[in-house]
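These notes concern the structure reproduced below.
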Amino acid sequence: MTSARRIALASRPTGQPARENFRIEEFDLPEAQEGQVTVRALYLSLDPYMRGRMSDAKSYAAPVPVGGLMEGEAISEVVKSRHTGFVPGDVVRGRTGWSSHAVIDGDQLRRVETHGAPVTTSLGALGMPGFTAWSGLKFIGQPKSGETVAVAAASGPVGSMVGQLAKLAGARAVGIAGGAEKCAYVKDELGFDAVVDHRSEKFASDLKTACPEGIDVYFENVGGEVWNGVLPLLNPFARVPVCGLVAHYNGSGSADTDRLPATMSAILQRSLLVRGFIQTEFAADHFDEFLKEIGPRVASGEVRFREDIVEGLENAPEAFIGMLTGGNFGKLIVKIAG
Ligand SMILES: NC(=O)c1ccc[n+]([C@@H]2O[C@H](COP(=O)([O-])OP(=O)(O)OC[C@H]3O[C@@H](n4cnc5c(N)ncnc54)[C@H](OP(=O)(O)O)[C@@H]3O)[C@@H](O)[C@H]2O)c1
């Protein structure tokens, strides 16, 4: 038996999660059975959707039970294999949770493929977040040359990919980010055409100035106050892929105003397409196509990414809590072993 460490959900948070909602515990790793693989985690991905799993409110996915392992995807090294597809030393990606080790069915693992980019990109630019950006734009946003595409959380793994793909499609990319440092990165390093700080008191007027022709595609990552600034700028027939609402995940962000009448009027009067999606809807049929198209561009540096790597499984809760209010700068990853 190997002694391993994992992080469990100790209790359900009300509002912003706190350190005491998580519990680190040791456990004995069982032996792998036929078809299973034992893995040692190298990098754990921390993502906003995990806030939803901590709550038992009705959602598209089941909650983590209190006392259960926090869900998540990690890159791991195969230690032992009783599955014909893997041998020790293979580097794989799978939903092994917030844990230093796991025993998992080999069929649920995927070999890491990054076209030569760092392995960590398989959790960010070339993983679920990058695919989310790509599929939301390809199937819903569909930016055309000369159009304006706006996206918030623009320095993060989804938003940074959205803006760069918009540019590749010949559109104008307008980023929304929190604070001067993130804004400078979005404009100067990612190459967006304009960027607006949502923490500024002048946010709505700054956004209007940054979008002189209005907005044709608003890739919705945050909701909250940002939506108030975006709504008046949406052009007739604008598309709004609704990808995430991180400003609301802690149960705050928009409770003070009822924006439904204004939103519904705009949808009607400007013939808006507002379409929610979860990336799994497209992943089975299109992930390989995404990887083939974007993998070489990330590996060559044409499509850029930034990672925020925190050391140590024990530091995952704090890093995750910070991400929900913008404490991360780039794709948030926890290095568990090297
Ligand atoms: N539908 C799907 O299948 C799917 C898949 C993956 C991700 N998502 C969603 O996509 C969004 C982005 O995910 P990500 O992994 O790329 O996250 P991320 O950008 O790494 O982290 C979240 C960011 O949201 C911003 N934020 C937090 N509170 C905000 C607020 N009140 N107003 C404006 N911005 C705020 C912060 O950036 P600033 O400091 O710049 O404000 C923060 O860094 C999330 O909503 C996530 O749930 C959806």
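Key figures
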{"read-out": "Residue check, GLY191 more than 9 Å from the ligand (Cβ to nearest atom), at pLDDT 95 or above, among the small types (Gly, Ala, Ser) and open to solvent by less than 60 Å² (accessible area, probe 1.4 Å)", "value": "yes"}
{"read-out": "Residues of segment 315-338 that turn out to be open to solvent by less than 10 Å² (accessible area, probe 1.4 Å) and not aromatic (Phe, Trp, Tyr), as a count", "value": "7"}
{"read-out": "Of residues in segment 304-314 being of a type outside the set (D, E, K, R) and open to solvent by less than 60 Å² (accessible area, probe 1.4 Å), the one nearest to GLY191 (Cα to Cα)", "value": "VAL310"}
{"read-out": "First in segment 91-116 and surrounded by fewer than 20 Cβ atoms within 10 Å (Cβ to Cβ), second anywhere and at pLDDT below 95 and assigned to a strand (DSSP E or B), Cβ under 6 Å, 6 or more apart", "value": "none"}
{"read-out": "Yes/no for ALA133 being within 30 Å of LYS187 (Cα to Cα), under 18 Å from the mean Cα position of the chain (by Cα) and either modelled with pLDDT of 95 or more or surrounded by fewer than 24 Cβ atoms within 10 Å (Cβ to Cβ) (or both)", "value": "yes"}
{"read-out": "Sole residue being under 22 Å from the mean Cα position of the chain (by Cα) and near the ligand (Cβ under 9 Å from one of its atoms), chosen from GLY251, GLY244", "value": "GLY244"}
{"read-out": "Pairs, first among the small types (Gly, Ala, Ser) in segment 273-297, second assigned to a strand (DSSP E or B) and open to solvent by 20 Å² or more (accessible area, probe 1.4 Å), C-beta under 7 Å, six or more apart", "value": "GLY276/VAL242"}
{"read-out": "Qualifying residue in segment 138-147 (condition: of a type in the set (Ser, Thr, Tyr) and closer than 24 Å to GLY330 by Cα)", "value": "no"}
{"read-out": "Matching strands (runs of 3 or more DSSP E) fully within segment 1-80 where at least 2 residues are out of contact with any helix residue (DSSP H, G or I) (no Cβ under 9 Å at 6 or more places or on another chain) and closer than 17 Å to GLN108 by Cα", "value": "36-45"}
{"read-out": "Qualifying residue in segment 250-258 (condition: open to solvent by 70 Å² or more (accessible area, probe 1.4 Å) and not in a loop (DSSP other than H, G, I, E, B))", "value": "no"}
{"read-out": "Segment 176-189 residues that are over 20 Å from ALA247 (Cβ atoms), paired with ones that are more than 10 Å from the ligand (Cβ to nearest atom) and open to solvent by 90 Å² or more (accessible area, probe 1.4 Å) (beta carbon under 8 Å, 6 or more apart)", "value": "GLU189/ARG304"}
{"read-out": "Members of segment 37-90 that are without any contact (Cβ under 8 Å) to a residue 40 or more places away in the chain and among the aliphatic types (A, V, I, L, M)", "value": "ALA57, ALA61, ALA62, VAL87"}
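So that you can scan it fast, the table gives a plain yes or no per residue for (1) more than 16 Å from the ligand (Cβ to nearest atom); (2) in a helix (DSSP H, G or I); (3) β-branched (Val, Ile, Thr); (4) farther than 27 Å from VAL112 by Cα:
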residue: LEU268; (1), (2), (3), (4): yes, yes, no, yes
residue: ALA284; (1), (2), (3), (4): no, yes, no, no
residue: PHE305; (1), (2), (3), (4): no, no, no, no
residue: VAL310; (1), (2), (3), (4): no, no, yes, no
residue: ASN315; (1), (2), (3), (4): yes, yes, no, no
residue: ALA319; (1), (2), (3), (4): no, yes, no, no
residue: GLY322; (1), (2), (3), (4): no, yes, no, yes
residue: PHE329; (1), (2), (3), (4): no, no, no, no
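Okay, residues lined up against (1) of a type in the set (Lys, Arg); (2) in contact with a Lys or Arg (Cβ under 9 Å, 6 or more places away or on another chain); (3) buried (at least 24 other Cβ atoms within 10 Å of the Cβ):
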residue	(1), (2), (3)
LEU126	no, no, yes
ILE140	no, yes, no
LYS144	yes, no, no
ALA152	no, no, yes
SER155	no, yes, yes
MET161	no, no, yes
ALA166	no, yes, yes
ALA173	no, yes, yes
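Listed here are the residues, each with its yes/no results for (1) touching a Gly at 6+ places or on another chain (Cβ under 9 Å); (2) within 11 Å of the ligand (Cβ to nearest atom); (3) in a helix (DSSP H, G or I); (4) farther than 24 Å from GLU293 by Cα.
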residue: GLN164; (1), (2), (3), (4): yes, no, yes, no
residue: ILE176; (1), (2), (3), (4): yes, yes, no, yes
residue: PHE219; (1), (2), (3), (4): yes, yes, no, no
residue: TRP227; (1), (2), (3), (4): no, yes, yes, yes
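The values are calculated or read from the model by the stated rules, or taken from the named source; none is laboratory data. Treat the numbers as computed from the prediction; the structure is a model and nothing was measured. Counting neighbours? That spans all protein chains shown, and the Cβs are built from the backbone with ideal geometry, glycine included. Ligands, DNA and RNA are excluded from the accessible area calculation, which covers all protein heavy atoms including side chains. Shrake-Rupley method; radii C 1.70, N 1.55, O 1.52, S 1.80 Å.
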